[in-house]
Amino acid sequence: MIEISHVNKWYSPSFQVLTDCTTSVTKGEVVVVCGPSGSGKSTLIKCVNALEPFQSGDILVDGTKVNDPKTNLPKLRSRVGMVFQHFELFPHLKIIDNLCLAQEKVLGRGHDKSVTKGMQLLERVGLKEQAQKFPAQLSGGQQQRVAIARALAMDPIVMLFDEPTSALDPEMVSEVLDVMVDLAREGMTMMVVTHEMGFARKVANRVIFMDRGEIVEDAPKEDFFGKPRSDRAQKFLSKILSH
Amino acid sequence: MLGNFDFDVIRRALPYLFYEGMTFTLTLTGLAALGGLIFGTALALMRLSGLKLLGRIAGIYVDFMRSLPLVLVIFWFYFLVPYIGQWLTGASRPISVGAFASSLITFIMFEAAYFSEIMRAGIQSISRGQPAAASALGLTYAQTMRYVVLPQAFRNMLPVLITQTIVLFQDTSLVYVLSITDFLGAASKVAQRDGRLVEMYLFAAVVYFTISCIASFGVRRLQARIAIIR
């Protein structure tokens with residue numbers, strides 16, 4: 001579904017953020033990307049739907065080359081759902097309108113159909129009653145669930161999560177993770193940048209560990225948590241699992 | 001001085017002052033604000049587009065307009081536009097555009113420079129995550145601007161935009177240099193004719209002051225009503 005091969009990215013000639021990153025996500029797979037901050041994991045996931053440009057290498061999403069200038073990026077992105085660290089709901093639109101905007105303007109769905117679909121998804125994330133409110137009237141956890149519903153409304157073939165719980169108060173993390181776990185169990189293809197190792201243990205098929213712009217470890221979940229091969233991954237794990 | 005203050009002069013001039021003068025002033029203000037906003041938003045988008053050449057052109061235009069006194073631009077334009085029209089259409093004589101059209105074009109072009117800077121600040125006040133989220137949903141650049149960025153920028157900037165329009169309302173009085181009968185022009189004509197300078201200029205000041213004050217008050221009310229809940 002996602003093929004990342006030999007991707008290099010520089011912010012400036014002397015500062016390389018991604019070094020020869022190669023990995024893939026197959027259909028139905030849940031891949032967790034972790035690593036210390038500044039390791040390039042968010043940058044890598046943003047390269048997948050071309051929110052970040054990269055200088056060399058290739059990324060294919062469902063057979064379409066992301067870095068080809070001829071690729072219709074809006075069309076490609078409409079099929080790739082993305083959830084951001086800071087939710088990025090549109091503050092001037094009601095919750096339901098947040099869910100309908102792209103359905104109507106990008107997919108060309110009728111208003112009634114979009115509303116029906118939006119309400120179904122809001123019900124699914126347990127927020128049907130909030131449809132007429134504005135984003136700022138919701139808690140962080142609720143906003144992030146709306147953001148997930150908004151991405152799902154586009155019927156994506158794959159979902160990208162960029163640290164979806166990092167900006168949340170601790171007591172709100174689980175309500176968001178629960179939605180993500182359900183999604184994973186239903187067979188959604190997912191690439192998730194997160195520090196939530198509990199989530200990785202529960203639903204991930206593979207774990208990728210990144211450090212200083214490189215993919216250091218790329219292993220099935222059991223191997224990664226059982227006996228990580230690299231020192232850096234071991235150190236990282238001991239740090240975040242010791243509490 | 002105020003002993004022989006003649007209110008009757010003002011009363012008799014009222015229909016002329018308002019039907020002719022104020023109608024012109026308000027029409028010019030409204031159309032110039034609308035045109036300036038549209039053109040100004042286009043300039044702001046050019047400057048933020050990331051296309052170097054487009055940004056440079058808009059930047060030079062804005063700096064140029066903001067470096068000239070408005071009266072000078074009004075004057076210049078009035079005498080220049082007929083010749084530009086002649087040159088563009090290849091006519092044999094300078095094309096007369098009329099004082100209203102000329103002053104309207106001038107104000108739109110001049111105000112666009114100021115509105116564009118306001119809109120630029122408004123657009124830049126939107127966090128980068130917003131356009132990113134919009135494009136991640138598949139919206140094109142134009143759709144992202146239209147449905148996500150500009151509505152928020154407008155709401156954030158509306159108080160400043162209206163305040164600038166109040167300034168514009170006052171600035172329209174400068175069209176007197178073209179002998180146009182705007183509100184101040186009308187008051188001035190009556191004042192000269194009847195030899196009642198004190199009454200007419202004082203009354204004109206009171207009217208400008210009152211309208212501007214009410215508008216400013218309205219801005220504050222509006223600000224509270226349309227603010228995006230954050």
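The values are calculated or read from the model by the stated rules, or taken from the named source; none is laboratory data. Quantities reported herein were computed from a predicted structural model and do not represent experimental measurements. Note: ideal-geometry Cβ built from the backbone for every residue, glycine included; neighbour counts use all protein chains shown. With ligands, DNA and RNA removed, areas are computed over all heavy atoms of the protein, side chains included. Shrake-Rupley method; radii C 1.70, N 1.55, O 1.52, S 1.80 Å.
Summary table below
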read-out	value
Distance-filtered residues of segment B:2-42 - backbone nitrogen under 19 Å, label point 7 angstrom along B:THR210 Cα→Cβ	B:5-27
Centroid-to-centroid separation of segment B:147-208 and segment A:12-43 [C-alpha atoms, Å]	59 Å
Volume of the Cα convex hull of segment B:86-149, divided per residue and given in Å³	119 Å³
Efficiency of FRET between A:HIS111 and A:LYS133 - r from beta-carbon atoms, R0 22 angstrom, step 0.05	0.70
Debye log10 I(q)/I(0) for segment A:2-44, one point scatterer per Cα, at q = 0.15, 0.24, 0.34 Å⁻¹	-0.42, -0.92, -1.24
Average partner coverage of A:100-106, which counts Cβ from other chains inside 10 Å	5
Theoretical ellipticity at 222 nm over the protein assembly as shown - DSSP helices of four or more residues, -39500 (n - 2.57) apiece, nearest 500	-18000 deg cm²/dmol
Assigned charges on the beta-carbon of Lys, Arg, Asp, Glu; segment A:1-80 dipole about Cα centre (debye)	280 debye
Cleavage-rule hits (GluC sites (Glu not before Pro)) in segment A:147-214: DSSP loop, at most 10 neighbouring Cβ within 10 angstrom	A:GLU186
Test item: Cα-centred dipole of the protein assembly as shown, Lys/Arg +1 and Asp/Glu -1 on Cβ, debye	340 debye
Potential extension, A:ARG212-A:ILE157 segment - 0.36 nm per residue separation minus Cα distance	16.8 nm
Cα-derived Rg to Rh of chain A, Kirkwood definition	0.97
Difference of contour (0.36 nm per residue) and Cα-Cα distance, B:ARG12 to B:TYR141	40.7 nm
B:SER212 - accessible surface, heavy atoms, 1.4 Å probe, Å² rounded to 10	10 Å²
Ratio of the Cα radius of gyration of segment A:89-156 to 2.2 N^0.38 Å, where N counts its residues	0.97
Alpha-carbon radius of gyration plus Dmax, which is the widest Cα pair, for segment A:106-227 in Å	16.2, 52
Convex hull volume of segment A:65-125 per residue (C-alpha atoms, cubic angstrom)	115 Å³
Members of A:LYS105/A:LYS221; A:LYS65/A:LYS113; A:LYS75/A:LYS113; A:LYS9/A:LYS75; A:LYS41/A:LYS227; A:LYS41/A:LYS94 lying beyond 28 Å, as alpha-carbon distances in this model show	A:LYS105/A:LYS221; A:LYS65/A:LYS113; A:LYS41/A:LYS94
Over the protein assembly as shown: Kirkwood hydrodynamic radius from C-alpha pairwise inverse distances, Å	26.5 Å
Å³ per residue enclosed by the Cα convex hull of segment B:1-57	111 Å³
Potential lengthening between B:ILE60 and B:ALA227 on full extension [0.36 nm per residue; Cα-Cα distance subtracted]	56.8 nm
Percent RCO, i.e. relative contact order, over chain A, from Cα pairs under 8 Å lying at least 6 residues apart	27 percent
10 °C / 1.306 mPa s Stokes-Einstein diffusion coefficient of segment B:1-125, Kirkwood radius on C-alpha pairs, µm²/s	93 µm²/s
Total charge dipole magnitude, segment B:2-226, about the Cα centre, Cβ charges on Lys, Arg, Asp, Glu only, Debye to nearest 20	740 debye
Ellipsoid equivalent to segment B:2-226 - semi-axes via the Cα gyration tensor, in Å	38, 25, 12
Residues in segment A:69-90 reached by a label modelled at A:GLN120 [backbone nitrogen below 20 Å; 7 Å Cα→Cβ]	A:78-82
Distance between segment A:158-231 and segment B:36-80 - C-alpha centres, whole angstrom	51 Å
At 0.890 mPa s and 25 °C, Stokes D of segment B:97-230 from Kirkwood alpha-carbon radius, µm² per second	138 µm²/s
Calculated FRET efficiency for the pair A:LYS235/B:SER49, C-beta based, R₀ 60 Å, to 0.05	0.85
Chain B: relative contact order as a whole-number percent, Cα under 8 Å and 6+ apart	29 percent
